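Here, each number is a calculation from the coordinates, and none is a lab measurement. Just so it is clear, the structure is predicted and the values come from calculations on it, not from any experiment. Here the Cβ positions follow ideal geometry from the backbone for every residue, glycine too, while neighbour counts run over all protein chains shown.
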Amino acid sequence: GAGVSQSPSNKVTEKGKDVELRCDPISGHTALYWYRQSLGQGLEFLIYFQGNSAPDKSGLPSDRFSAERTGGSVSTLTIQRTQQEDSAVYLCASSRRVIMASPLHFGNGTRLTVT
Amino acid sequence: AQTVTQSQPEMSVQEAETVTLSCTYDTSESDYYLFWYKQPPSRQMILVIRQEAYKQQNATENRFSVNFQKAAKSFSLKISDSQLGDAAMYFCAYRGENSGNTPLVFGKGTRLSVIA
């Protein structure tokens, strides 16, 4: 497709289980971002990938969170031993280049509910 | 660190009327971009308009325009002739000149309701 694709759209999991969220960026976009949006809050930066460079993990809230990007394209965000406070919408975005003017193109997000 | 503040959690406007959403930011950088994103119930963030700090002319995109006051660090969004489809969350965002590894910084958003 032409846009950023995220799956699943919704995920319900039990506390303590691991989850994987997938993001397929726009073809040709070298930069990929993960954000978390909690109820009533803005977007919280989690992690950023640019080409083959080491990712910027400065926003990951704990070591239970990790992400990888294979072949410079698809990315997977993994949350281990999920907690109820992990419940949020996880948004992925991509951009063509890492310059100020490049807007981020977002997917529809994955709504994660931890019961 | 840069911060973005949206002081209006909720706003409402009558259809066909004009509404202004406020945004202020804090930065020590001299060049940067400011963005407004719209998030409808579909959850997808859609770019509405963007403004470079060095450009004095306010950006305009059809019914959407901004009032950029660099000295005051203010970046408000004006929606003219409001339509029902404008109802959404609106987020103000900042990206600075040292943004090689810096993502967009977002405000907490303003929920806009449009009354028929």
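Numbers at a glance
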{"read-out": "Whole-angstrom Cα spans of the protein assembly as shown along principal axes, big to small", "value": "48, 39, 33"}
{"read-out": "Residues in the range A:64-99 that a label on residue B:47 would reach, taking backbone N under 19 Å of a point 7 Å out along Cα→Cβ", "value": "A:91-99"}
{"read-out": "Counted charge near residue B:24, where neighbours are those whose Cβ lies closer than 13 Å (Asp, Glu -1; Lys, Arg +1)", "value": "+2"}
{"read-out": "Taking A:105, A:29 and counting other C-beta atoms within 10 Å, the order from fewest to most", "value": "A:29, A:105"}
{"read-out": "Radius of gyration and maximum dimension Dmax of the range A:1-62, Cα, Å", "value": "13.4, 37"}
{"read-out": "Descending principal axes extents, the range B:1-57, alpha-carbon based, whole Å", "value": "38, 25, 20"}
{"read-out": "Mean-position separation - Cα centroids, the range A:1-79 and the range B:60-116, in angstrom", "value": "24 Å"}
{"read-out": "Value in Å of the Kirkwood radius, where the range B:3-115 supplies the Cα pairs that are averaged", "value": "14.2 Å"}
{"read-out": "The range A:5-109: radius of gyration and largest Cα-Cα distance (Dmax), Å", "value": "13.2, 41"}
